[in-house]
Amino acid sequence: MKNILVIGSTGQIGSELTMKLRHDLPGGVTVAGYIPGSEPKGKLLTSGPAEVANVTNAQQIADIVDKYDIDTIYNLAALLSATAERRPLLAWDIQMNGLLNILEIAREKHVAVFTPSSIGSFGPSTPHDNTPQDTIQRPTSMYGVTKVATELLSDYYYTKYGVDTRSVRFPGLISYTTPPGGGTTDYAVEVFYAAVKGEEFICPIAPGTYMDMMYMPDALQAAVDIMRARPQYLKHRNSFNIAAMSFEPEELFAAIRKRIPSLKVRYQVDPVRQAIADSWPDRMDDICARKEWGWSHSYDLDDMVDDMIRNLRIKFGIEDPLKIKD
Ligand code: AKB
């Protein structure tokens with residue numbers, strides 16, 4: 001992994017993954033791929049090359065691969081679960097036709113491909129507790145349908161053509177750099193913004209709804225480590241369960257209130273997001289990722305809450321009230 005194209009580099013994962021790859025792998029080039037209207041800004045723009053890279057435009061992607069001698073593509077272009085329910089045809093176009101374009105280019109030009117899967121690849125008939133690596137995957141959302149199909153198509157290109165495809169099933173990702181948009185797990189990010197700014201938080205997910213979650217630094221490390229793993233140890237490829245923490249809204253709010261007691265929450269459950277959340281695992285079993293490529297997480301709930309609050313306060317120039325008292 002030396003010359004890398006990150007498609008979707010201005011999104012929640014891409015904006016941080018691009019910077020990490022540039023920092024951790026300085027010998028090559030990491031190209032920030034974006035679509036017009038979501039141009040990279042600041043350090044993301046100044047620290048390396050950027051190119052328009054629309055997954056639905058195969059020629060555009062092929063040209064970038066040739067221009068920079070790309071050997072690895074991180075294909076992060078996707079509509080998240082709630083948006084995909086509103087725009088299922090667009091979700092299919094980006095997630096499936098886009099993926100097919102990338103896999104064909106990868107086959108012709110010998111490029112490795114990472115396309116994330118998700119807890120969304122599971123459905124109501126999947127065992128919800130300790131969801132095994134290999135189990136029933138019958139999702140009921142368009143997002144889930146595309147994620148299962150992504151896993152299958154990526155494995156197909158590996159077994160049929162030898163394309164080096166690898167992936168992880170991300171939990172809900174919590175981060176402070178770029179907000180997510182249109183996901184079911186977004187509440188677990190949005191509540192931090194409300195807490196730090198002293199605003200009331202309207203929660204779209206009902207109390208008692210458990211979902212897997214992960215802090216962004218762990219997710220980024222997983223995305224790098226899986227692509228650098230020794231292939232002879234990989235029994236699975238697309239896609240590995242990875243887990244870090246599982247909580248329901250009240251547990252998260254209690255952890256935030258330990259640091260910001262004034263947090264106010266009102267529930268206004270969104271039926272679309274709630275139905276999706278109810279169909280997803282409560283917690284996944286990630287033993288295969290641990291055994292096959294040494295996956296382990298660093299952040300638990302308390303570490304993550306501390307770091308999120310500290311960084312959002314810096315981002316918004318808000319003093320820590322406890323520090324002021326000292
Ligand atoms: C979503 O909520 O749609 C995503 C995911 C878990 O894949 N964050």
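The values are calculated or read from the model by the stated rules, or taken from the named source; none is laboratory data. On a predicted model such as this, the values are computed, not experimentally measured, just so you know. Here Cβ is always computed from backbone atoms with ideal geometry, including for glycine, and neighbour counts include all displayed protein chains.
Quick one: which of Ala149, Ala112, Ala91, Ala106 is under 28 Å from Leu252 (Cβ atoms) and hydrophobic (A, V, I, L, M, F, W, C)? Give the derivation first.
Numbers: Ala149 fails: under 28 Å from Leu252 (Cβ atoms); Ala112 fails: under 28 Å from Leu252 (Cβ atoms); Ala106 fails: under 28 Å from Leu252 (Cβ atoms).
The match here is Ala91.
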**Report entry** Unique residue being more than 14 Å from the ligand (Cβ to nearest atom), more than 18 Å from the chain's Cα centre (by Cα) and touching a residue at least 60 places away in the same chain (Cβ under 8 Å) when the list is Ala112, Ala106, Ala62
**Finding:** Ala112
Report task. Might you check whether a residue that is modelled with pLDDT of 95 or more, within 29 Å of Tyr215 (Cβ to Cβ) and in contact with a strand residue (DSSP E or B) (Cβ under 7 Å, 6 or more places away or on another chain) occurs anywhere in segment 57-69? Result -> no
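Among the residues that make up segment 253-272, is at least one of them assigned by TED's automatic domain parsing to the domain that holds Val189 and touching a Cys at 6+ places or on another chain (Cβ under 6 Å)?
Here is the first cut: in segment 253-272, the ones assigned by TED's automatic domain parsing to the domain that holds Val189 are 253-272.
Now restrict to residues that are touching a Cys at 6+ places or on another chain (Cβ under 6 Å): 265, 267.
Yes, some residue in segment 253-272 is assigned by TED's automatic domain parsing to the domain that holds Val189 and touching a Cys at 6+ places or on another chain (Cβ under 6 Å).
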Query raised in the report: If Ser279 passes every condition in (1) farther than 25 Å from Ser298 by Cα; (2) away from the ligand (no atom under 12 Å from the Cβ) but one, which one does it miss?
Result: (2)
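Here is a yes/no grid of residues against (1) out of contact with any Asp or Glu (no Cβ under 6 Å at 6 or more places or on another chain); (2) crowded, with 22+ Cβ neighbours inside 10 Å:
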| position | (1), (2) |
| --- | --- |
| Thr126 | yes, no |
| Asn130 | no, no |
| Arg138 | yes, no |
| Ala149 | yes, no |
| Ser154 | yes, yes |
| Asp164 | yes, no |
| Thr177 | no, no |
| Thr184 | yes, yes |
| Glu199 | yes, no |
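If you go through segment 6-56 one residue at a time, how many are among the polar types (S, T, N, Q), over 18 Å from the mean Cα position of the chain (by Cα) and farther than 18 Å from Leu99 by Cα?
Of all residues in segment 6-56, those among the polar types (S, T, N, Q) come to 9-10, 12, 15, 18, 30, 38, 46-47, 54, 56.
With the extra rule that they be over 18 Å from the mean Cα position of the chain (by Cα), the set shrinks to 30, 46-47, 54, 56.
Next cut, farther than 18 Å from Leu99 by Cα only: 30, 46-47.
Matching residues across segment 6-56 total 3.
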Report task. Can you run down the residue pairs with Cβ atoms below 6 Å, 6 or more apart or on separate chains, where the first is in segment 182-210 and farther than 13 Å from Ile256 by Cα and the partner is within 15 Å of the ligand (Cβ to nearest atom) and among the hydroxyl-bearing types (Ser, Thr, Tyr)? Result -> Gly182/Thr83; Gly183/Ser81; Thr184/Ser81; Cys203/Tyr187; Pro204/Tyr187; Ile205/Tyr187; Tyr210/Ser246
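Looking at Arg166, is it modelled with pLDDT of 95 or more, under 17 Å from the mean Cα position of the chain (by Cα) and of a type in the set (Lys, Arg)?
Values: modelled with pLDDT of 95 or more: yes; under 17 Å from the mean Cα position of the chain (by Cα): yes; of a type in the set (Lys, Arg): yes.
Yes, satisfied.
Residues being part of a helix (DSSP H, G or I) and among the aromatic types (Phe, Trp, Tyr): count how many of those fall in segment 11-36.
Here is the first cut: in segment 11-36, the residues part of a helix (DSSP H, G or I) are 14-24.
In the following step, the residues that additionally are among the aromatic types (Phe, Trp, Tyr) were identified as none.
Going through segment 11-36 one residue at a time, the tally reaches 0.
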Query raised in the report: Could you list, in sequence order, the residues of segment 181-237 that are part of a loop (DSSP other than H, G, I, E, B), more than 19 Å from Tyr74 (Cβ to Cβ), within 16 Å of the ligand (Cβ to nearest atom) and not charged (D, E, K, R)?
Result: Gly182, Thr184, Thr185, Pro204, Ile205, Ala206, Thr209, Tyr210
Requested in this report: Of all residues in segment 71-95, count the ones that are away from the ligand (no atom under 16 Å from the Cβ) and surrounded by fewer than 24 Cβ atoms within 10 Å (Cβ to Cβ).
Outcome: 4
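From Tyr158, Tyr143, Tyr68, grab the single residue that is within 16 Å of the ligand (Cβ to nearest atom) and at negative phi. Outline the logic, then answer.
Values: Tyr158 fails: within 16 Å of the ligand (Cβ to nearest atom); Tyr68 fails: within 16 Å of the ligand (Cβ to nearest atom).
Answer to the check: Tyr143.
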